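The values are calculated or read from the model by the stated rules, or taken from the named source; none is laboratory data. In this text the structure is predicted, and so the values were computed from the model without any measurement. Counting neighbours? That spans all protein chains shown, and the Cβs are built from the backbone with ideal geometry, glycine included. The accessibility values were calculated without ligands, DNA or RNA, using every heavy atom of the protein model including side chains. Shrake-Rupley method; radii C 1.70, N 1.55, O 1.52, S 1.80 Å.
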Amino acid sequence: MDLTTLAQLILLILRNLNFKPRKHKLEDIAYAIAAYLLGVQVTKLGIPPSTLYYYTKKLGIKRRREEKPPCPSCNSNKVIKNGSSRGKAKYKCKTCGRTFYQTSNHKMSREQKERILNEYLNRASIRGIARVEGKPLTTVYSLIKRKGIEAYVNLLVLQEQLKSFTAKVTVIDESWTYLRVRHGPKRENLWIWNALADGLPFFTTGDRDYKTFSFLLNSLPKSEVNYTDDYSVYQVLDNHIASKKYTYTVESYNSYCRAHLARLARDTRAVNRSERMVDYSLALLNVMYPHVFSREKTPLNEAYWKGVQNIRENLI
Ligand SMILES: [Zn+2]
């Protein structure tokens with residue numbers, strides 16, 4: 001209700017109750033009460049607080065108490081106002097003693113969530129998305145992380161199911177990206193191991209060593225033939241051919257990843273702070289924009305296609 005309407009309503013009631021104030025006009029008092037009810041400070045109304053309180057009491061109305069937020073630590077409602085800082089009200093919990101600010105509601109609609117994921121998977125940085133969407137960085141970050149973990153876990157489950165198939169051709173390759181660890185060395189290389197089994201992307205991240213490679217190997221279905229470069233770790237593979245014959249397919253997968261994720265492009269300012277976040281982002285990309293890097297349809301890649309569509313539907 002706006003001020004004028006409320007004031008007129010109050011004026012009507014005051015007249016009805018036959019109030020005849022000596023010092024102030026009834027209209028002024030009605031306006032002051034209305035403004036007070038809408039949250040204006042008592043001292044700024046031009047009517048003495050005692051007069052105002054007298055009439056509000058007579059009217060039997062109370063100013064709506066500002067709702068105090070529950071304590072973020074212990075969820076207690078025993079919260080008192082505790083001054084303010086930078087224009088934000090500060091609260092203190094009487095149960096656990098925590099001081100906190102009232103945080104605004106950062107809930108996002110389903111549409112906005114989907115849009116944020118799509119922006120992220122089309123080379124927008126998390127900072128950029130936060131600015132454009134008008135949401136705090138942490139809110140955007142945690143949405144992407146949460147959905148990324150969901151995609152990652154579901155992909156691992158799907159990969160387990162796909163082990164009952166045998167791939168015709170698997171191509172494996174390593175590429176690198178920057179990793180900048182806070183408080184750590186300035187810049188590290190993070191290795192991304194990619195495999196395409198009948199054109200299906202499999203990946204793992206870590207060092208360029210056997211340990212990381214074996215993690216990828218464990219996620220792959222058996223293959224009739226494995227194409228790799230001549231890096232020594234690949235010697236453990238059965239049906240192994242060291243040849244560049246199919247390297248171009250992995251290269252096209254790499255460029256697909258770089259085209260979609262700002263964090264993987266080497267020419268942007270976006271950097272990876274966390275190795276896990278690279279995993280989650282790649283999983284999210286594979287689920288949200290599924291792509292099979294092979295023209296040939298095999299039982300394996302058809303099963304994958306169905307599975308990944310299913311994950312995508314449940315994700316958003
Ligand atoms: Zn508390």
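Worth a mention:
- Whichever lysines have a C-alpha closer than 21 Å to that of K94, once near sequence neighbours (fewer than 8 apart) are set aside: K68, K78, K81
- Listed residue pairs exceeding 25 Å between alpha carbons, taken from K147/K306; K245/K297; K147/K222: K147/K222
- Two-site FRET efficiency, Q112 against T166, from Cβ-Cβ distance with R₀ of 35 Å, rounded to 0.05: 0.25
- For the stretch 84-197, relative contact order (Cα pairs under 8 Å, six or more residues apart, normalised by length) works out to 13 percent.
- Percent accessible area from carbon and sulfur atoms, the chain, protein chains only, probe 1.4 Å: 49
- Against the chain, whose longest principal axis is taken from its Cα atoms, helix 299-315 shows a tilt of about 10°.
- Straight Cα distances below 29 angstrom link K25 to the lysines K44, K57, K58, K62, with same-chain residues fewer than 8 positions distant left out.
- Set of aspartates and glutamates near K135 by C-alpha distance (under 18 Å), chain-local residues within fewer than 8 positions excluded: E111, E114, E119
- The orientation-averaged projection of the convex hull spanning the C-alpha atoms of the chain amounts to 24.1 square nanometres.
- Using C-alpha pairs below 8 Å separated by at least 6 residues, the relative contact order for the chain is 15 percent.
- Residues L12 and Y54, FRET efficiency given R0 of 25 Å [Cβ-Cβ distance, rounded to 0.05]: 0.85
- Remark: the stretch 286-293, residue by residue, has Karplus-estimated 3J(HN,Hα) of 4, 7, 6, 10, x, 8, 10, 8 Hz, where x stands for each Gly or Pro and the curve is 6.51 cos²θ - 1.76 cosθ + 1.60 at θ = phi - 60°.
- Label-to-label distance, nm, for residues given as V42 and V157 (7 Å Cα→Cβ offset): 5.9
- For the chain, the per residue solvent-accessible surface stands at 60 Å², with DNA, RNA and ligands left out and a 1.4 Å probe.
- Value of relative contact order over the stretch 3-59, rounded to a whole percent, pairs C-alpha under 8 Å and six or more apart: 35
- Relative to the 2.2 N^0.38 Å rule of thumb, the stretch 3-59 has a C-alpha radius of gyration ratio of 0.99.
- Charge dipole (Cα centre; +1 on Lys/Arg Cβ, -1 on Asp/Glu Cβ; no other charges) of the stretch 131-255 amounts to roughly 680 debye.
- Relative protection proxy for 43-55, 155-167, 274-286, from highest mean packing down: 274-286, 155-167, 43-55 (other beta-carbon atoms within 10 angstrom).
- Annotation for K81 and H291: the two label points, set 7 Å from Cα along the Cα-Cβ direction, are 5.6 nm apart.
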